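Asks: Sharing a structure, written as C-alpha cells. Questions coming.
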Amino acid sequence: MNSLAESAQAAWQLVVSADPLLLSIVTRSLALSASASGIAFVIGCVLGSWLAVSRFTGRPVLLAVLNTLLSLPSVVVGLLVYLLLSRSGPLGFLGWLYSFKAMLLAQVILVLPVVVALVRQVVEDAHVSHGEQLRSLGAGPRLMGMLLAWDERSALLTVALAAFGRAVAEVGAVMLVGGNIDGFTRVMTTSIALETSKGDLPLAMGLGLVLLGVVLALQFLIWGLRAWFHALTLPFAASPGTTRSRS
C-alpha cells in the first residue's frame, strides 16, 4: 500500500513539474491522435453525409459492412497496415513502417468507420425532418448532405470528440506499426503498457493521469461549444413565436 501511495505521489510530481520525458510522450500522442481524428473527421463527414441522403442498390449491404467495421479490433487494423507497409507489402516502397506516418495511417483507418457511422446517423435524422423541404427547394443529394451536416454542426462536435477519444485511447495498432520506439513512436498508451511491464509505475500512472485529464478537458470543451451554439440559435428559434404573438 505504501508502494502504491509513493508511486501515486511520484506520478503527480512528474505531472506538475512537466517532466521532459512525460511531456514529449504526451505531445507526440496528442499530435498523432489530433491529426488522425481530424483527417478521419473530414473524410467521414463527406462519406457519412452522402450515405445519409443517397439511396442506391446495395446501400443496406454497405451499411452492414460499415457497422461491422465499428467493432473491428485495433490489432487487426494494425496487422493490415503492417502487411501493407512491410518490405514485401504493396506499399513497402514508402518506407513508412515503424514511423509516425504508419501510426497515423493506422489510426485514420481505425477511426474512419466510427465517424462515418455517427455522421450518417446524425444527418439521416435531420434528413427525415428537413429533407422534403430542401428537396422542394431544388437541393440535390450532395448539397442537401452539406446543408444538413452544417445545420447539425453542434451534434457533429460530439462525433469529433468520439473520434479523438477512439484514437487517443488506442494501443494495439500503433504498437504494431510504430514499434514503440523511444523518442520517435512512443505514445501515451504504448508507454503505459511498457512502463507497467517494466515496473516503472510513476511514469505509467502520470501518463494515465494526463490521458484522463485530456479526455475530461475535451468533454468540458464540447459541452461549452454546444451551449454556445444553442445560445446562438435560440433567438432564431424564438422569432416565429414572437411574430405570431404580435399579429
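Residue-wise test of (1) within 22 Å of the chain's Cα centre (by Cα); (2) buried (at least 20 other Cβ atoms within 10 Å of the Cβ); (3) over 18 Å from Leu23 (Cβ atoms).
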position	(1), (2), (3)
Gly178	yes, yes, yes
Ile181	no, no, no
Thr185	yes, yes, no
Thr189	yes, yes, no
Leu201	no, no, yes
Leu212	yes, no, no
Gln219	yes, no, yes
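Asks: Quick one: in region 92-103, which of the residues that are surrounded by fewer than 22 Cβ atoms within 10 Å (Cβ to Cβ) and touching a Leu at 6+ places or on another chain (Cβ under 6 Å) is nearest to Ile181 (Cα to Cα)?
Replies: Leu97
Asks: Take region 170-193 and flag every residue that is assigned to a helix (DSSP H, G or I) and β-branched (Val, Ile, Thr).
Replies: Answer for region 170-193, where residues must be assigned to a helix (DSSP H, G or I) and β-branched (Val, Ile, Thr): Val174, Val177, Thr189, Thr190, Ile192.
Asks: Of the residues Gly38, Gly89, which single one is surrounded by 14 or more Cβ atoms within 10 Å (Cβ to Cβ) and not in a helix (DSSP H, G or I)?
Replies: So the residue among Gly38, Gly89 that is surrounded by 14 or more Cβ atoms within 10 Å (Cβ to Cβ) and not in a helix (DSSP H, G or I) is Gly89.
Asks: If you don't mind, another one. Somewhere in region 19-33, is a residue within 18 Å of Thr158 (Cβ to Cβ) and at pLDDT 90 or above?
Replies: There is at least one residue in region 19-33 that is within 18 Å of Thr158 (Cβ to Cβ) and at pLDDT 90 or above.
Asks: Does region 92-105 hold any residues that are part of a helix (DSSP H, G or I) and under 20 Å from Ser35 (Cα atoms), and which are they?
Replies: Listed by number, the residues that qualify are Leu94, Phe100, Lys101, Ala102, Met103, Leu104, Leu105.
The values are calculated or read from the model by the stated rules, or taken from the named source; none is laboratory data. Just so it is clear, the structure is predicted and the values come from calculations on it, not from any experiment. Note: ideal-geometry Cβ built from the backbone for every residue, glycine included; neighbour counts use all protein chains shown.
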